[in-house]
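Before any comments, here is the structure.
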Amino acid sequence: MSDNNLKKYLTGDFSVEEIAEKTGLEEEEVKSKAEEMGLDVEYADFKKEHGITKEDYSVRRFRTPQKWDVKNRLMFGLMLVEDTKVSELAEMIGVTSRSIERWVFEGAKPSIKNQEKLAEALKVPQEQLFTDWAYDVVNEDRLNNN
């Protein structure tokens, strides 16, 4: 069995005993390979023992920003106060989660229509939500395409 397949089992909802059955390895072999890969099989056994599955994990509110900081702090703060996840806001507005993340973390500018939808969803005037962008010259083509 390849290390990639073994890693899938080790990071899934399987106990060491189940992994040994599925892979044909001895339990000690599974534990030693997991240790070589830097994975904690004791935690996998704990999850299995206590009935914890992937469905029990909470959904992360935001992806971990690695390359960027929060650019639209007001939008970020409103989402925290309203306890709104990126995926929920994206669904309300009709865009992808990645679009919301770009607006919050990368400083990307939503279209005029999406600015209106965001302001409505977050219950704040559009002028306040997009103060940094209020003085931008709006391109006529951009207005007509939205």
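The values are calculated or read from the model by the stated rules, or taken from the named source; none is laboratory data. These figures come from a predicted structure and were not determined experimentally. Because the Cβ atoms are built from the backbone with ideal geometry, glycine has one as well, and the counts that use them run over all protein chains shown.
Taken as a whole, the structure places Glu42 among residues that are at pLDDT below 90 and either assigned by TED's automatic domain parsing to the domain that holds Thr11 or surrounded by 15 or more Cβ atoms within 10 Å (Cβ to Cβ) (or both). With respect to (1) in a loop (DSSP other than H, G, I, E, B); (2) of a type in the set (A, V, I, L, M); (3) modelled with pLDDT under 80, the lone exception for Leu143 is condition (1). Exactly one residue out of Val59, Val95 is assigned to a loop (DSSP other than H, G, I, E, B) and at pLDDT 90 or above: that is Val95.
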